[in-house]
């Protein structure tokens, strides 16, 4: 991962400069593996994110908004007991490992000075957040409990002694000279980047590949030179936090990763880099786990209606043969004397044809001549009556497909709280059964929470990310002369600019938001319609989120995630 030991060293330095001496005022645990500390330091409020997520573990200052649960988890309650009101005395790294230790000091419940350590181990799926009583070196609790049955080296459980992870006995890359590198690397064995990772502490595969790339034709002369040059800069904290967007991969690091041969975007700080890189990633992962059953249901319902439409079109094609069935019935009745039971077909003169041409009529050999004639009259009557019904059913099924298509887009763009509102909508629509929950009697009276953005000129922009929010935003929250936006003929969110006469720049920025929260998120030149709210109407009996509108204008935009993040953080 890009969050290697050297990146950990750099983020530790950044956090220390911002938070050292700061006071921990509030603690929240918005999700299972993530903690938010509100820290007041040097007259500024900071949100410190500690994440033990198996795929997105990290430590950073964040500007992202997190929804807190109604009831805090037990680990959060324990952290509040031991850390709220405490001062961060120091922030340090353990060697060049992916471990950050927050040294905190404060008074306990009886007024005595107490020293605690909040340790964040950033180790992929083994990541953890641990609070330790420093005087006794005893674990008070951890966000993940690990017993000796799982890890024979150490247990991460309340009451256990805190033991550091096993040391890897690698060389310190900052102390390595060219001769040390030559001794560590076997140039005849190949895979030089893997050898660098195996021999030097804190170096990730991404950085090792960059070192080899910088060395050009990597040999005994160029590789040590490239290694020492990069390490000297990192040692002195000379770096440019960057995200590199390669063809099939994107990666962040302290320096641009030129070996990926992609577009490079640089950032002022490591925390802003991490906010940008992880923007929506962890949330979408949580939504995928939380809404997996919903997504499966929606896909199944959509496919079921698509198959239904195909069958209905086949029925409609049969219905178009109604006149032919009538003709067969009349000709059989007129020529009943030439038809015998057991015949598979019969050729008769078509007296409706001016040229007197003959026509072949298929027969059911098990039926009598009169029964065959009656069978065609029955098929004629059935086909004739079914045309209007079939067309109506095709319309209903097509609306269902569009509805579930829009729900799939909403699940893709949803936050965890949005998923629950989509679930409620499907329950109300009778697609799934309601869950039995206690203590939620007043839940139906709560207003949907809309996502808020702010344009460059300070105008507020509201977004509905599911049908409940869309209906509430368009039909209740928005004023009649405010500006409403939606992607043209593409499933997406309702967006409202809280202004009667917004600037052209604000309209384009709101259109960017509408395009981003639509099925066309990854497209270019996305058409977005905008009009006044007064021109948007919800037809009687329409599906949730469905509206019709008029007097619209259209702009074309290409969604830019950097701009969306900027407008959100403003």
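Against the numbered list (1) under 27 Å from residue 416 (Cα atoms); (2) in contact with a helix residue (DSSP H, G or I) (Cβ under 9 Å, 6 or more places away or on another chain); (3) at pLDDT 95 or above, residue 6 comes up short only at (1).
Annotation note: of 45, 63, 25, the sole residue that is surrounded by fewer than 16 Cβ atoms within 10 Å (Cβ to Cβ), touching a residue at least 60 places away in the same chain (Cβ under 8 Å), closer than 19 Å to residue 269 by Cα and in the same structural domain as residue 131 (by TED's automatic domain parsing) is 63.
Being surrounded by 13 or more Cβ atoms within 10 Å (Cβ to Cβ) and either under 30 Å from residue 32 (Cβ atoms) or out of contact with any strand residue (DSSP E or B) (no Cβ under 9 Å at 6 or more places or on another chain) (or both) narrows it down to one residue among 301, 354, 317, 392; which is it? Reasoning before the result, please.
Numbers: 354 fails: surrounded by 13 or more Cβ atoms within 10 Å (Cβ to Cβ); 317 fails: surrounded by 13 or more Cβ atoms within 10 Å (Cβ to Cβ); 392 fails: surrounded by 13 or more Cβ atoms within 10 Å (Cβ to Cβ).
One residue alone meets the criteria, 301.
Would you confirm whether any residue within segment 323-339 is at pLDDT below 80 and either surrounded by 13 or more Cβ atoms within 10 Å (Cβ to Cβ) or outside any helix (DSSP H, G or I) (or both)? Quick ask: steps written out before the conclusion?
Here is the first cut: in segment 323-339, the residues at pLDDT below 80 are none.
No, there is no match, as no residue in segment 323-339 is at pLDDT below 80 and either surrounded by 13 or more Cβ atoms within 10 Å (Cβ to Cβ) or outside any helix (DSSP H, G or I) (or both).
Listed conditions (1) surrounded by fewer than 17 Cβ atoms within 10 Å (Cβ to Cβ); (2) closer than 19 Å to residue 455 by Cβ; (3) modelled with pLDDT of 90 or more; (4) within 26 Å of the chain's Cα centre (by Cα) are all met by residue 500, apart from (4).
Which of (1) more than 30 Å from residue 56 (Cα to Cα); (2) at pLDDT below 90 does residue 288 not meet, given it meets every other one? Every listed condition holds for residue 288 apart from (1).
Just wondering, is there one or more residues in segment 507-518 that are over 30 Å from residue 61 (Cα atoms), touching a helix residue (DSSP H, G or I) at 6+ places or on another chain (Cβ under 9 Å) and outside the structural domain of residue 277 (by TED's automatic domain parsing)? Scanning segment 507-518 turns up no residue that is over 30 Å from residue 61 (Cα atoms), touching a helix residue (DSSP H, G or I) at 6+ places or on another chain (Cβ under 9 Å) and outside the structural domain of residue 277 (by TED's automatic domain parsing).
Just to be sure, is residue 397 surrounded by 15 or more Cβ atoms within 10 Å (Cβ to Cβ), over 30 Å from residue 488 (Cβ atoms) and in contact with a helix residue (DSSP H, G or I) (Cβ under 6 Å, 6 or more places away or on another chain)?
Details: surrounded by 15 or more Cβ atoms within 10 Å (Cβ to Cβ): yes; over 30 Å from residue 488 (Cβ atoms): no; in contact with a helix residue (DSSP H, G or I) (Cβ under 6 Å, 6 or more places away or on another chain): yes.
So residue 397 fails the test.
Does any residue of segment 99-106 turn out to be surrounded by fewer than 20 Cβ atoms within 10 Å (Cβ to Cβ) and within 21 Å of residue 277 (Cβ to Cβ)? No, the conditions are met nowhere in segment 99-106. Restricting the first member to segment 213-236 and to residues that are surrounded by fewer than 18 Cβ atoms within 10 Å (Cβ to Cβ), and the second to residues that are not in a helix (DSSP H, G or I), the beta-carbon pairs closer than 6 Å and six or more apart or on different chains are 222/215; 222/216; 235/174.
Put simply, of 273, 260, 234 the only residue that is in contact with a strand residue (DSSP E or B) (Cβ under 9 Å, 6 or more places away or on another chain) and within 23 Å of residue 96 (Cα to Cα) is 273.
Let's see how each residue does on (1) in a helix (DSSP H, G or I); (2) modelled with pLDDT of 90 or more; (3) assigned by TED's automatic domain parsing to the domain that holds residue 385:
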residue	(1), (2), (3)
316	yes, no, yes
342	no, yes, yes
353	no, no, yes
360	no, yes, yes
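Sub-8 Å Cβ pairs linking a first residue in segment 301-315 that is touching a residue at least 12 places away in the same chain (Cβ under 8 Å) to a second residue that is surrounded by 13 or more Cβ atoms within 10 Å (Cβ to Cβ) and outside any helix (DSSP H, G or I), at least 6 apart or interchain, are 301/431, ordered by first then second residue. Of the residues examined, residue 173 is one that is more than 36 Å from the chain's Cα centre (by Cα), surrounded by 18 or more Cβ atoms within 10 Å (Cβ to Cβ) and under 21 Å from residue 100 (Cα atoms). Residues in segment 357-376 that are crowded, with 17+ Cβ neighbours inside 10 Å and touching a helix residue (DSSP H, G or I) at 6+ places or on another chain (Cβ under 7 Å): 361, 363, 369, 372, 373, 376.
Being assigned to a strand (DSSP E or B) and either farther than 21 Å from residue 460 by Cα or under 21 Å from the mean Cα position of the chain (by Cα) (or both) is the filter here; which residues of segment 542-554 pass it?
548, 549
Name the residue that is surrounded by the most Cβ atoms within 10 Å (Cβ to Cβ), counting only residues in segment 138-154 that are touching a strand residue (DSSP E or B) at 6+ places or on another chain (Cβ under 6 Å) and in a loop (DSSP other than H, G, I, E, B). In this case the residue turns out to be 143.
Yes or no: segment 197-208 includes at least one residue that is modelled with pLDDT under 90 and surrounded by 16 or more Cβ atoms within 10 Å (Cβ to Cβ). Step through it out loud before you land on a result.
Quick first cut of segment 197-208, residues modelled with pLDDT under 90 only: none.
No, every residue in segment 197-208 fails to be modelled with pLDDT under 90 and surrounded by 16 or more Cβ atoms within 10 Å (Cβ to Cβ).
Here is a yes/no grid of residues against (1) in a helix (DSSP H, G or I); (2) modelled with pLDDT under 95; (3) surrounded by 14 or more Cβ atoms within 10 Å (Cβ to Cβ); (4) touching a strand residue (DSSP E or B) at 6+ places or on another chain (Cβ under 7 Å):
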{"site": "468", "(1), (2), (3), (4)": "yes, yes, yes, no"}
{"site": "484", "(1), (2), (3), (4)": "no, no, yes, yes"}
{"site": "510", "(1), (2), (3), (4)": "yes, no, yes, yes"}
{"site": "513", "(1), (2), (3), (4)": "yes, no, yes, yes"}
{"site": "522", "(1), (2), (3), (4)": "no, yes, no, no"}
{"site": "527", "(1), (2), (3), (4)": "no, no, yes, yes"}
{"site": "540", "(1), (2), (3), (4)": "no, yes, no, no"}
{"site": "556", "(1), (2), (3), (4)": "no, no, no, yes"}
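Could you check how many residues of segment 93-105 are assigned to a strand (DSSP E or B) and either modelled with pLDDT under 95 or within 33 Å of the chain's Cα centre (by Cα) (or both)? Of the residues in that region, 5 qualify.
Determine, yes or no, whether residue 247 is closer than 26 Å to residue 97 by Cβ and exposed (fewer than 14 other Cβ atoms within 10 Å of the Cβ). First the steps, then the outcome.
Details: closer than 26 Å to residue 97 by Cβ: no; exposed (fewer than 14 other Cβ atoms within 10 Å of the Cβ): yes.
Judged against the criteria, residue 247 is not a match.
For segment 107-137, the set of residues classified as part of a strand (DSSP E or B) and surrounded by fewer than 17 Cβ atoms within 10 Å (Cβ to Cβ) consists of 107, 113, 115, 133, listed by residue number.
The values are calculated or read from the model by the stated rules, or taken from the named source; none is laboratory data. Not measured: the values here are computed from a predicted model. Using ideal geometry, Cβ is built from the backbone for each residue, glycine included, and neighbour counts are taken over all protein chains shown.
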